[in-house]
Amino acid sequence: MTPEELAGTVDGLMDGLRADLVRLAEIPSIAFPGFPDGPVQEAHDLVAELLRDAGVPHVERLDLPDTAPVVYGEIPPPDPGAPTVLLYGHYDVQPPGDEKLWRSPPFEPAPIDGDGHGEGLRARGIADDKSNVIAHIGMLRAYGGRPPVGVKIVVEGQEEYGSAFDGYPPTDPDRFACDAMVIADLGNLRPGTPTLTTGLRGAAEVVVEVRTLDEPRHSGEFGGAAPDALLVLLKALATLHDVHGDVAVEGLRREEWAGTSYTEEEFRSLAGVREGMPLIGSGGLGERLWSGPAITVIGLDAPGVEHAASAVVPYARAKLNLRFHPRQDPVEARGRLVDHLRSLRPFGVPLTVTPGDTGPGYEAETGGPAYRAALTALKEAWGKEAAYVATGGSIPLVNGLAQAAPGAEVLLFGAQDSMCNLHAPNERVLLSELRDTVVAMGAFVREYAAAARGGDGSRA
Ligand SMILES: [Zn+2]
């Protein structure tokens, strides 16, 4: 299929893909505790049906412990020399949150005008990640179910709520064996800018607490000499950053970011930074957000202002969230923060530091044939060279799949974009991004298969 034929075929498929995206987004498939299981099963069944209809000859349901059913499908390679590509997406969604903040009911997909980017659709999960599930299906339809590569497709049902699936792939490596994988659970830096995400920062949590007195004591009678647990904690937290707002904990890896990043204006708008507020940290945004560390105080136990008594506070606790360089070892990174806190003695008071969960980061190898094919494919789809970015959010499953198929190239791209409000009210997807993602996936498998044959994809 030439680029022109592929583009024409995808354009012809868009009405059907849009209708199927709407059907899928109408199902409130929230795999969180307290939400009904029926819609999760319903979404699973619809995805399996769409895959069968798209020509996937083998579709099965994987029932693993402590997670929603996974849709698994396989199309054998068309010839023994053809590579196998694993496609990943998830059919579960985040809860909608406060429905009053939505401009239309979250599970009634509504057409929108995408602020200068053409038409879109608004609904919970319509970008994250149902758009990408539909993009995979669109690619399969474009080839009539016979793409030029072998395909394994994995559509998970509990990605948004701590899936047990993350640890499963390495225990069943044959099932996940492949030459390249397309993890489609993200998208472009901005609409219209084709983007390959090559890095994911790692994450760790640490709790720090201080107990100084048996109970609160009158601040008039005891304040000034009694050790104040909250003051001790605040003094400790204040050492985590320098005067510029850069992380001051030693041993956390920080490098320049070589790829593309947001402009400051884009970042300010995405983050909702108030007029006149400075950003914190120094260096490029890519370095601050992706290839350097960040420490955020995500919780603090202390008396609330409303009912505050005039008393010295006997106990205080904070929860810290650490994000670190994609290639730094998670236990090492967390250890650096723990050691920093344990070495402190604010006013002579030691702190109790408890290491919490960690998750590794990920950095892709970008020099192989699948990356070359993807660069060609993304340019074909969006008409521009692809940008390399990273993301601060982690996708734990990437590591699970990468361990299961250690030689495979890992590609992260898809139909979401940084302005799609994922996990927030009024989530939306742009139909132009969905269309271009289907084209990119179709061009990717064509180019990648051609590279394996040693030929030129566009004439295949
Ligand atoms: Zn997602």
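Determine whether Val389 is part of a strand (DSSP E or B) and either modelled with pLDDT of 95 or more or among the hydrophobic types (A, V, I, L, M, F, W, C) (or both).
Against the criterion (part of a strand (DSSP E or B) and either modelled with pLDDT of 95 or more or among the hydrophobic types (A, V, I, L, M, F, W, C) (or both)), Val389 qualifies.
In the list Leu87, Leu46, Leu101, which residue meets the criterion of being more than 20 Å from Ala184 (Cα to Cα), of a type in the set (A, V, I, L, M) and either in contact with a Lys or Arg (Cβ under 9 Å, 6 or more places away or on another chain) or surrounded by fewer than 13 Cβ atoms within 10 Å (Cβ to Cβ) (or both)?
After ruling out the rest, the residue left standing is Leu101.
Look at Pro191 and say whether it is under 30 Å from Glu74 (Cβ atoms) and not aromatic (Phe, Trp, Tyr). Outline the logic, then answer.
Numbers: under 30 Å from Glu74 (Cβ atoms): no; not aromatic (Phe, Trp, Tyr): yes.
No, not satisfied.
Only one residue in Glu99, Glu4 is within 29 Å of Ala377 (Cβ to Cβ) and either out of contact with any helix residue (DSSP H, G or I) (no Cβ under 6 Å at 6 or more places or on another chain) or in the same structural domain as Met139 (by TED's automatic domain parsing) (or both). Which one? Give the steps one after another, and end with the answer.
Working: Glu99 fails: within 29 Å of Ala377 (Cβ to Cβ).
Every option except Glu4 fails the conditions.
Cβ-Cβ distance below 7 Å, separation of 6 or more or different chains: which pairs start in the stretch 357-370 with a residue that is closer than 18 Å to Leu401 by Cα and end on one that is hydroxyl-bearing (Ser, Thr, Tyr)?
Gly359/Ser394; Gly361/Ser394; Glu363/Thr198; Ala364/Thr198; Thr366/Thr198; Ala370/Tyr448
Can you name the residue in the stretch 45-61 that is assigned to a helix (DSSP H, G or I) and more than 16 Å from the ligand (Cβ to nearest atom) and is also farthest from Glu160 (Cα to Cα) among such residues?
Asp53
Pick from the stretch 80-93 the residues that are modelled with pLDDT of 95 or more and part of a loop (DSSP other than H, G, I, E, B): which of them is farthest from Ser29 (Cα to Cα)?
Filtering the stretch 80-93 for residues that are modelled with pLDDT of 95 or more and part of a loop (DSSP other than H, G, I, E, B), the one farthest from Ser29 (Cα to Cα) comes out as Ala82.
With respect to Ile137, is the statement that it is part of a helix (DSSP H, G or I) and among the aliphatic types (A, V, I, L, M) true?
Yes: the conditions hold for Ile137.
Against the condition more than 17 Å from Asn399 (Cβ to Cβ), assigned by TED's automatic domain parsing to the domain that holds Arg52 and touching a residue at least 12 places away in the same chain (Cβ under 8 Å), how does Gly120 come out, does it pass? Steps first, answer last, please.
Working: more than 17 Å from Asn399 (Cβ to Cβ): yes; assigned by TED's automatic domain parsing to the domain that holds Arg52: yes; touching a residue at least 12 places away in the same chain (Cβ under 8 Å): yes.
So Gly120 passes the test.
Among the residues of the stretch 298-324, which ones are surrounded by 17 or more Cβ atoms within 10 Å (Cβ to Cβ), over 30 Å from Arg201 (Cα atoms) and of a type in the set (A, V, I, L, M, F, W, C)? Before the answer, list the steps.
Going through the stretch 298-324, the residues surrounded by 17 or more Cβ atoms within 10 Å (Cβ to Cβ) turn out to be 311-320, 322-324.
Narrowing further to those that are over 30 Å from Arg201 (Cα atoms): 311-315.
Within the stretch 298-324, Ala311, Val312, Val313 meet the criteria.
crowded, with 17+ Cβ neighbours inside 10 Å and at pLDDT 95 or above: does that describe Glu380?
yes
Just to verify a result, which residue in the stretch 62-79, among those that are within 16 Å of the ligand (Cβ to nearest atom) and modelled with pLDDT of 95 or more, is surrounded by the most Cβ atoms within 10 Å (Cβ to Cβ)?
Ranking the qualifying residues of the stretch 62-79, first place goes to Val71.
Suppose we filter Glu74, Glu26, Glu42, Glu49 for residues that are assigned by TED's automatic domain parsing to the domain that holds Ala440, closer than 24 Å to Ala370 by Cα and among the charged types (D, E, K, R); which single one remains?
On inspection, the qualifying residue turns out to be Glu74.
Here are the criteria: (1) in a strand (DSSP E or B); (2) farther than 27 Å from Arg446 by Cβ; (3) within 16 Å of the ligand (Cβ to nearest atom). Tell me which single one Gly97 does not satisfy.
(1)
Collect the residues in the stretch 415-454 that are under 23 Å from Arg124 (Cβ atoms), more than 16 Å from the ligand (Cβ to nearest atom) and either of a type in the set (Gly, Ala, Ser) or free of Cβ contacts under 8 Å to residues at least 24 places away in the same chain (or both), keeping them in residue-number order.
Passing the criteria: only Ser432.
Which residues, taken from the stretch 391-413, are under 12 Å from the mean Cα position of the chain (by Cα) and more than 16 Å from the ligand (Cβ to nearest atom)? I'd like the intermediate steps shown before the answer.
Step one: list which residues in the stretch 391-413 are under 12 Å from the mean Cα position of the chain (by Cα), which gives 391-398, 412-413.
Across the stretch 391-413, there are no qualifying residues.
Exactly one condition in (1) at pLDDT below 95; (2) part of a loop (DSSP other than H, G, I, E, B); (3) within 22 Å of the chain's Cα centre (by Cα) is not met by Gly125; state its number.
Failing condition for Gly125: (1).
Rundown of residues vs (1) free of Cβ contacts under 8 Å to residues at least 40 places away in the same chain; (2) in a helix (DSSP H, G or I), yes/no style:
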{"residue": "Glu209", "(1), (2)": "no, no"}
{"residue": "Val232", "(1), (2)": "no, yes"}
{"residue": "Gly245", "(1), (2)": "yes, no"}
{"residue": "Arg254", "(1), (2)": "no, no"}
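Here is a list: Ala123, Ala142. Which entry is within 16 Å of the ligand (Cβ to nearest atom) and of a type outside the set (D, E, K, R)?
Values: Ala142 fails: within 16 Å of the ligand (Cβ to nearest atom).
Answer to the selection: Ala123.
Residues to consider are Ala258, Ala204, Ala225; find the one that is assigned to a loop (DSSP other than H, G, I, E, B) and within 30 Å of Gly400 (Cβ to Cβ).
Selected residue: Ala258, the only one of Ala258, Ala204, Ala225 that is assigned to a loop (DSSP other than H, G, I, E, B) and within 30 Å of Gly400 (Cβ to Cβ).
Would you point out the residue of the stretch 160-201, among those that are within 13 Å of Pro396 (Cα to Cα) and among the aromatic types (Phe, Trp, Tyr), that is farthest from the ligand (Cβ to nearest atom)?
Tyr168
The values are calculated or read from the model by the stated rules, or taken from the named source; none is laboratory data. Please read these numbers as outputs of a predicted model, since none were measured by experiment. Neighbour counts are summed over all protein chains in view; Cβ atoms, including those assigned to glycine, are modelled from backbone coordinates with ideal geometry.
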